[in-house]
1. If we keep just the residues of the range A:474-507 that are of a type in the set (A, V, I, L, M), outside any helix (DSSP H, G or I) and in contact (Cβ under 8 Å) with a residue 60 or more places away in the chain, which is farthest from the other protein chains (Cβ to nearest Cβ)?
2. Out of the range A:54-65, which residues are more than 14 Å from chain B (Cβ to nearest Cβ) and touching a residue at least 40 places away in the same chain (Cβ under 8 Å)?
3. From (1) within 14 Å of chain B (Cβ to nearest Cβ); (2) in a helix (DSSP H, G or I); (3) surrounded by fewer than 23 Cβ atoms within 10 Å (Cβ to Cβ); (4) without any contact (Cβ under 8 Å) to a residue 60 or more places away in the chain, pick out the condition that doesn't hold for A:Asp511.
4. May I ask you to verify whether A:Gly124 is in contact (Cβ under 8 Å) with a residue 12 or more places away in the chain and within 25 Å of the chain's Cα centre (by Cα)?
5. Given the residues A:Glu339, A:Glu276, A:Glu268, which is the only one that is surrounded by fewer than 23 Cβ atoms within 10 Å (Cβ to Cβ) and within 14 Å of chain B (Cβ to nearest Cβ)?
6. Can you confirm whether the range A:448-455 contains a residue that is under 30 Å from A:Ala205 (Cβ atoms), away from every other protein chain (no Cβ under 14 Å) and part of a helix (DSSP H, G or I)?
7. Looking at the range A:245-254, is at least one residue on the phi > 0 side of the Ramachandran plot and not in a helix (DSSP H, G or I)?
8. Quick one: would you say A:Pro548 is over 16 Å from A:Ser400 (Cβ atoms), over 20 Å from the mean Cα position of the chain (by Cα) and more than 13 Å from every other protein chain (Cβ to nearest Cβ)?
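The values are calculated or read from the model by the stated rules, or taken from the named source; none is laboratory data. These figures come from a predicted structure and were not determined experimentally. All Cβ positions, glycine included, derive from the backbone under ideal geometry; neighbour counts span all protein chains shown.
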Amino acid sequence: MQTHQYDVVIVGAGGAGMRAALESSKEARTAVISKLYPTRSHTGAAQGGMAAALANVEDDNWEWHTFDTVKGGDYLVDQDAAEILAKEAIESVLDLERMGLPFNRTPEGKIDQRRFGGHTRDHGQSAVRRACYAADRTGHMILQTLYQNCVKQDVEFFNEFYVLDLITDHDLTTEEIADGEEVNATGVVAYDLATGEIHVFQAKAIIFATGGAGKIFKTTSNAHTLTGDGMALAYRRGLPLEDMEFFQFHPTGLAGLGILLSEAARGEGGILRNSEGERFMERYAPTIKDLAPRDIVARSMANEVREGRGAGPNKDYVLLDLTHLEPAHIDAKLPDITEFARTYLGIEPYTEPVPVYPTAHYAMGGVPTNIKGEVLRDGVNVVKGLYAAGEVACVSVHGSNRLGTNSLLDINVFGKRSGRAAAEYAKTASFHELPEDPTVRVVEQLDEMRNRPDGERIADIRKALQDTMDLNAQVFRTGDSLNAALADIRELQKRYRNASVQDKGKLFNTDLLEAIELGFLLDIAEVTVVAAINRKESRGGHYREDFPDRDDANYMLHTMAYRRPPEASDQAEGHVEGYFDHVEEFDGYKVVLGSKPVVQTRYEPMERKY
Amino acid sequence: MTATLEAAAPSPAGEIPSFTVTLRIRRFNPEVSEEATWEDFTVEAHGTDRILDALHKIKWDEDGSLTFRRSCAHGVCGSDAMRINGRNRLACKTLLKDVNPDKPITVEPIKGLPVVKDLVVDMEPFFASYREIMPFLITSGNEPSKERYQSPEDRAKFDDTTKCILCAACTSSCPVFWTDGQYFGPAAIVNAHRFIFDSRDEGGSQRLEILNDKEGVWRCRTTFNCTEACPRGIEVTKAIQEVKRAMITRAF
C-alpha cells in the first residue's frame, strides 16, 4: 500500500475533471486520478457543439438560453443554476478559445455557431444558432485542448488508477448527524491497474468528475468504461442520488449499434423520415420539427416504430436523411458521423438515408450539488471538502431532459467552479485524520472477488442487466415494466454475489475491474428503477405510459434516493405522503426516497410545446 | 423496445450471415511466463461485428484473462490500437468481414513499445514524446477580452492534424521508431504541426528547433506506413513533410 497527500484530489480526467484541474492546480497541490489515460475519456466522443449566447451570427442572449434550458428540462431545472450556466457559458467558450481550441470560424474569423435541438430565439420563436462547434468533433477538441493545457501547467496525473472508495469522517450509512455537526471528506482509495497495488490519497478537498453510467443499458452511445463509479461510491457511503429516473435517450444512435450520430446532423438540415418517407416530426413538433428536444424526438421515433411505420426489414428503426445536403457541406460540417455510417453499417449518407434509433446517452441525475459544486448529503447540508461536476453530478441544470450542447457547457462551467471552490477551500482547511485502516473495505471486496472459486461469469450477469433495462426502462415505461426490471435486478444482485473472475493475477487485471464495475452498474440500475417506479407522471426523459401527463401539483420536486440499513427510518428528508414516500427493501439494506424543492426564479411552469 | 441487428436480423446494408472466425492472438503474461506465445480462439461472429467484438466474446465467454484496452468502441478514444494481420488498426473500427475471416486473423500488440500484458503496451514513452513538442498554444502579451480571430482559410491549414486521437497506430507502425525508440515518431510531429500551422500560435520556432534535433523530423524516411495506419485518415506523412519544409523556409 502507498499513501499520498494532496490539497485537492480530482477523480476523473474527462472535461469536468481537467477543467477543474486547470483551476485548482494553479492554487493548490493537485492530483488527478483517472481510470483511463485522460485523452480516452468520453468527453472526446461528444460531437455537435457547446452552447453559448455569443450572438456571433444572429441575435441571442443568455436569458433566452436560460429559458430554453428550463423549458427543455420540463421545468425540473433549478433556475438559479441554469442562469449561471447560460451566463458563464460565454466566458467558458472564450476560455477554451484562448486555450487554443480550434473552433470553426465565420467568414470574419469569429467563432461560428449553428442550430441545435431546443435552442430558440426569444422564448421559442424559431431555432437559433447558439452551438459553438469544431466540425462534429467538438468534444474531441475540448478534451484535447484541456489535456494540452494540463500538460502546459504540469498537472499531476495518476493514469489507469481506479478509485474504489470514498473516505469520510462520519459513517453516513448508519450515523445520525447532529444539527450543526460537520461531515468531512478526507480521502479516496485507489487501485493501480498496472500493478494491482492499493493507494490511499488523503486530501483536503476531493472533486468527483467520473462521468455517467450509460452501460446500465444495452443500446448506448456510452463507452464501455461508463459504469457510474462515482455515483455508486457516493451512494454506498450514504450520500443521496438525485433524479436518477431521468435518463436521456439520444434520438439518433446508429440502429442496432447505438453509436451516436450528432444532433448537428439535424442542425445542419438533416430530416427524420419514417418508412413512408414522411417527415414525421412535423406532426409532433410543428414549429421546430426535427430540432425539438431529444426526449420528444426519441419518443416520436419510438412511436413511429410502434405504430408500424418503422423502416427496414424488421420495421424497427427510422431514417436520418441527409441526401438533400451538398456532399461538400456534409464533409465540412459532419465528417465523422458520416464516416461512422460508412464504417459500421456500410451506408453512404450522400445518397442513402441512415438507419437510426434512440440510444441511452446521458444521466440527468447524479450526486446532488449546490451551485459551487459542493456535494449535498441531504436537501441542505454539504459534505465539507467534497465536490462533484459533470455528468456524475446533478446541479440541476438539466432537470428532466438535457438540451444538446448543454453538457459540454456544464463540464466547463461547473468544472471550473468546482476547481476554484475546492482550491479556495483547501487553502484554509486542514487534513483530517484517516481511519486506522482506510483500505479495509476495498481490499476485502477485491480479495473476495478474486478468490471466489468458480462462479458465474460477470459478462452473463451484465448482459442480463442491460437486456432488462433496454426492455423495461427505456423510452416508454410502465409500472409493470419497471417492476419487472426491478425483479430482474434483485435476482442479478444475488447472482453477482456468487460471480467470479478467471484472471487471478495482480498485473493489469481488467477481468477483476470489470467485475467491480458491474457492482456499480447494478446499484445504479437499481436506484434508477426505484426512482422511476415512484414517479407516477411523465416529464422530460421519464415517460410513463400509465401516467402520460406531467403532474406539477404532486411531482414538481427532485427525487432524492438514500441507501440505508434495514433498521433505519423509513422517512427521508422531503418525505411527502403518497408521492415521495417509497421504500424498497433489499437484502441487507433499503432504498428510501425523499425529495428536494426545485429552485424557481423567473419562469412559471408552462405546457411544453415546440 | 430497441432495434438490434443481432440474431438473424438482416442488416440494413444487405444480408450478411453469421460466420465463425479464428483469432490468433499474441499472449504474454509476465506473472505466468517470460515467453510470449500464440493462442487461437474461434468465435461466432455477425455481419457488423468488429475485431473488438470478437475480443470481447473471447474475454467474456472463454478466457477472462485476455487483456486489452478499450473504451469508446467507435474509433474516437484511441485506446485499442493493435496490430491486426500485420497492420496497425483500431480493433473497434475494423470489421471482421473486412479482414478476410476465412483465415485466422492475427492480433498482436503494437510494436516498439514495451508489452505489459497480452495486447497492452506501456504508453508512457509515447506520451513523453508528445509532451516534449509543447503540445499547447503559445502566445505572448495580454489575453484578448474576446476570442482571437482566425480566418476559415487559416483554420483549414491545420484541420487535418487536429483529428489526432493519440492512439499511437502511426508511431508504432514506423520502422524508424522500431529501431530507434528515441525518435519522436509521427504522432508527436503531427501534434507539433497542429500548432506550428495555427495562425494564433507564437511557439512555432521553438517547436521547429526541438524537431530539428537528430531524433527529430529528419529521421523520417517517408515510408508512408504512418499515413496508412492512421485510423482518423490524417495525412501524416504530408504533415511531416510540411514541418520539414517549414524548417527550411522559416528562419528560427
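1. Per the criteria, the residue is A:Val475.
2. Of everything in the range A:54-65, those that are more than 14 Å from chain B (Cβ to nearest Cβ) and touching a residue at least 40 places away in the same chain (Cβ under 8 Å) turn out to be A:Glu58, A:Asp59, A:Asp60, A:Trp64, A:His65.
3. (3)
4. Judged against the criteria, A:Gly124 is not a match.
5. A:Glu339
6. no
7. no
8. no
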